[in-house]
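The values are calculated or read from the model by the stated rules, or taken from the named source; none is laboratory data. On a predicted model such as this, the values are computed, not experimentally measured, just so you know. Here the Cβ positions follow ideal geometry from the backbone for every residue, glycine too, while neighbour counts run over all protein chains shown.
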Amino acid sequence: MGLTASPDLTVDIGGLTLKNPVMTASGTFGYAREFAPFMDLSRLGAIIVKGISLKPRPGNPPPRIVEIACGMLNAIGLENVGVERFIADKMPYLRRLDTPVIVNVLGETVEEYGEIARRLSGVPGVAALEVNISCPNVQKGGVAFGSDPAAAAKVTATAKKNCALPVMVKLSPNVTDIAAIAKAVEDAGADSISLINTLLAMAVDINSRRPKLANVMGGLSGPAIKPIAVRMVYQASRAVKIPVIGIGGVTTADDALEFIIAGASAVQLGTASFRDAAAAAKVLDGIDGWLRQQGIASVAGLIGSLRLD
């Protein structure tokens with residue numbers, strides 16, 4: 001028997017209460033203003049903006065996006081305006097939105113992460129940070145921070161030390177043991193974790209015999225990675241007590257609900273927004289409709305409800 005009243009869609013993601021569990025994924029939603037003509041941004045649970053570095057980054061040369069059968073490859077190279085221009089030029093618009101704004105941050109050294117966290121900590125309108133640890137650590141020969149539990153923990157602890165805001169840590173799937181990385185960042189003070197970031201992949205033009213991306217390799221996203229992402233969210237959610245946010249191939253409400261049942265407190269939409277700029281709003285409507293149909297009063301009660309018997 002369905003519900004007549006609206007289900008409670010609010011969720012907590014480590015000190016930050018969201019009106020619903022639908023968020024945008026960093027790097028796929030620009031600085032939000034770009035999507036305002038296509039959907040009501042106030043409907044979103046949270047907006048995660050394009051990754052921000054200490055200094056502006058020009059990104060990689062084109063071609064840097066390739067469409068594939070079940071998603072896309074990208075090698076944008078984390079192009080962004082840098083933290084100072086972000087605060088001056090982007091935040092005046094973002095802080096007017098009736099939706100929490102989470103800033104994804106990236107660095108090449110532990111010190112850079114700390115400095116960006118410090119600069120964003122007191123900026124009006126910034127609700128939380130999402131720390132991208134898939135970046136190469138230049139002090140360790142380019143190995144990603146997120147592939148080593150000790151390095152991941154150090155970045156997390158540094159961000160927390162320099163920031164009074166909730167800190168979400170975005171995990172890389174390009175690791176052997178996702179649970180170990182999740183536990184390491186939890187122990188270092190992370191308020192929540194998000195996963196997965198893109199999978200390292202490549203595509204070849206058989207006629208020219210050249211890589212389709214100028215960078216040769218890039219990040220695979222979209223429906224192709226969803227089963228991997230669901231598996232990793234399940235493993236991570238069983239390893240930690242902090243909230244987990246699921247990312248990877250969310251296109252429909254069913255996809256989002258799959259992540260939530262597997263252990264995610266919320267989800268992020270990324271590649272889906274390239275195909276349909278209003279995808280996030282449609283996923284939210286679908287979640288609401290499914291809860292009504294099932295007679296479930298609160299989405300929070302669905303989190304981690306996977307049946308194994």
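Values as computed for the structure displayed
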read-out	value
Unmet requirement for Thr28, which otherwise passes all of (1) under 19 Å from the mean Cα position of the chain (by Cα); (2) more than 23 Å from Val216 (Cα to Cα)	(2)
Condition broken by Lys170, with the remaining ones in (1) of a type outside the set (Val, Ile, Thr); (2) in contact with an Asp or Glu (Cβ under 6 Å, 6 or more places away or on another chain); (3) surrounded by fewer than 24 Cβ atoms within 10 Å (Cβ to Cβ) satisfied	(3)
Residue match in region 60-75 (condition: over 23 Å from Ala214 (Cβ atoms), out of contact with any helix residue (DSSP H, G or I) (no Cβ under 7 Å at 6 or more places or on another chain) and either charged (D, E, K, R) or not in a helix (DSSP H, G or I) (or both))	no
Test result for Leu308, free of Cβ contacts under 8 Å to residues at least 24 places away in the same chain and either assigned to a loop (DSSP other than H, G, I, E, B) or over 20 Å from Ser42 (Cα atoms) (or both)	yes
Residues located in region 256-282, provided they are assigned to a helix (DSSP H, G or I) and within 25 Å of Val66 (Cβ to Cβ)	Ala272, Ser273, Phe274, Arg275, Ala279, Ala280
Filtered residues of region 87-110 (kept if part of a helix (DSSP H, G or I) and in contact (Cβ under 8 Å) with a residue 40 or more places away in the chain)	Lys90, Tyr93, Leu94, Val110
Top-ranked residue of region 131-156 - restricted to ones that are assigned to a strand (DSSP E or B) and within 20 Å of Gly189 (Cα to Cα), ranked as modelled with the lowest pLDDT	Ala144
So Met39, is it assigned to a strand (DSSP E or B) and either charged (D, E, K, R) or surrounded by 16 or more Cβ atoms within 10 Å (Cβ to Cβ) (or both)	no
Selection from region 172-201 of residues that are of a type in the set (S, T, N, Q) and in a loop (DSSP other than H, G, I, E, B)	Ser172, Asn174, Thr176, Asn197, Thr198
